[in-house]
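Below: the structure, in structure tokens.
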Amino acid sequence: MKIDLHIHTRTGSDGALSMEAVLVEARKRKIGFLSITDHDSIEHQGKAIELAERHDINYVTGVELNVTFPYQGKAVSLDFLGYGYDYKNHALKAKLWLIREHRGKRARQIIENLNDEFEKENRPLFNDTDLKKMQEGVDGILSRPHIADYLMKKGIVSNRQEAFDRYLVKCDVPKYPLLLEEASVLVRGAGGRLVLAHPNDPNGTSLFSVTRDLNAQTDIIGKNMRELIDGVECWHSRNDAATTKHYIEFCKKQNILMTGGSDCHQKPILMGTVEVAEMVAGEFIK
């Protein structure tokens, strides 16, 4: 069975395809077990369940949460995945509404910061028309990748990496400060399980920013997270073989959940390309 438990959509966050299109593509790719894990968004999970049933795909509710993790006096940004929760849970819905509201305010502040940079470069400033154009085709909340795409469209940068390197890192605004303890209570309180996402991702929010040593990473998890999480994402599209092997061994020793997925945003379409062990499905499908 093909398994992909880490997929984003345009409907809920920063994917390129709508939720409907993602499920159609998943069916074409013969994915048998799937989760939509949009950023801070669970409002479309009921729809995802219906679509998965229609396409005869096993489904588990999903969400990706950005967490502020204090470590050695620094605030480290990490991503966590919530699975199997009740998407109607009031406390979880209320908190995610606050986080998404903050995302909207954050996007507007980033644009103001961009204009400060443009002013130094004698470039035309972004206005309300630009903001409206950025939001076209974005069903979820406007985020930095969307702003990067607009910078490319305007010819200011040639690709997303340049957009981040030249502007979006220095113009960034802090995300909502969700602590791991609170994320754990929210997801578990809604009947779900919390999983550390892509722990060694060199291009994402991960422990790679703290240390590149895999043993040191799992030492941090074991000492600082173990009681608050239920598992680790062992298979990921940006994992090398050593990372996957190390985290599988760690999860087995700790007797915790192993998950995996492509982290597909459809740029390009990676759904179903990560070989996730079939035993993962057995942890969810009874």
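The values are calculated or read from the model by the stated rules, or taken from the named source; none is laboratory data. Just so it is clear, the structure is predicted and the values come from calculations on it, not from any experiment. Ideal geometry is used to build each Cβ from the backbone, glycine not excepted, and the neighbour counts take in all protein chains shown.
Within the stretch 250-272, the residues that satisfy the criterion of being under 20 Å from Lys28 (Cβ atoms), touching a residue at least 40 places away in the same chain (Cβ under 8 Å) and among the hydrophobic types (A, V, I, L, M, F, W, C) are Cys264, Ile269, Met271. Entry remark, the stretch 1-16: residues being surrounded by fewer than 23 Cβ atoms within 10 Å (Cβ to Cβ), assigned to a loop (DSSP other than H, G, I, E, B) and either modelled with pLDDT of 95 or more or of a type in the set (Lys, Arg) (or both) number 1 in total. Residues that are under 23 Å from Lys30 (Cβ atoms), buried (at least 18 other Cβ atoms within 10 Å of the Cβ), touching a residue at least 40 places away in the same chain (Cβ under 8 Å) and not basic (Lys, Arg) do not occur anywhere in the stretch 67-78.
Among the residues of the stretch 125-151, those identified as modelled with pLDDT under 95 and farther than 23 Å from His39 by Cα are Asn127, Asp128, Thr129, Asp130. Of the candidates Leu207, Leu186, Leu178, the single residue that is touching a strand residue (DSSP E or B) at 6+ places or on another chain (Cβ under 6 Å) and buried (at least 17 other Cβ atoms within 10 Å of the Cβ) is Leu178.
Residue-wise test of (1) outside the structural domain of Lys223 (by TED's automatic domain parsing); (2) farther than 29 Å from Gly231 by Cβ; (3) hydroxyl-bearing (Ser, Thr, Tyr).
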site: His102; (1), (2), (3): yes, no, no
site: Ile111; (1), (2), (3): yes, yes, no
site: Thr129; (1), (2), (3): yes, yes, yes
site: Phe164; (1), (2), (3): yes, yes, no
site: Pro177; (1), (2), (3): yes, no, no
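So, in the stretch 63-86, how many residues would count as being at negative phi and not in a strand (DSSP E or B)? Here the count works out to 2. Within the stretch 115-171, restricting attention to residues that are of a type in the set (Lys, Arg) and over 18 Å from Arg103 (Cα atoms), the residue that is surrounded by the fewest Cβ atoms within 10 Å (Cβ to Cβ) is Lys120.
Let's see how each residue does on (1) touching a Pro at 6+ places or on another chain (Cβ under 8 Å); (2) of a type in the set (Gly, Ala, Ser); (3) outside the structural domain of Val63 (by TED's automatic domain parsing):
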site	(1), (2), (3)
Thr205	no, no, no
Asn215	no, no, no
Glu233	yes, no, no
Asn239	no, no, no
Tyr247	yes, no, no
Cys251	no, no, no
Gln254	no, no, no
Gly261	no, yes, no
Lys267	no, no, no
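Could you pull out the residue among Glu101, Glu50, Glu64, Glu25 that is at pLDDT 95 or above and surrounded by fewer than 17 Cβ atoms within 10 Å (Cβ to Cβ)?
One residue alone meets the criteria, Glu50.
Considering the stretch 87-98, the residues that are part of a helix (DSSP H, G or I) and not charged (D, E, K, R) include one that is surrounded by the fewest Cβ atoms within 10 Å (Cβ to Cβ), namely His90. You will find that of Asp40, Asp56, the residue that is surrounded by 21 or more Cβ atoms within 10 Å (Cβ to Cβ) and not aromatic (Phe, Trp, Tyr) is Asp40 and no other.
So for the stretch 31-53 (the condition being assigned to a loop (DSSP other than H, G, I, E, B), under 18 Å from Thr259 (Cα atoms), assigned by TED's automatic domain parsing to the domain that holds Trp235 and over 18 Å from the mean Cα position of the chain (by Cα)), does at least one residue qualify? There is no residue in the stretch 31-53 that is assigned to a loop (DSSP other than H, G, I, E, B), under 18 Å from Thr259 (Cα atoms), assigned by TED's automatic domain parsing to the domain that holds Trp235 and over 18 Å from the mean Cα position of the chain (by Cα).
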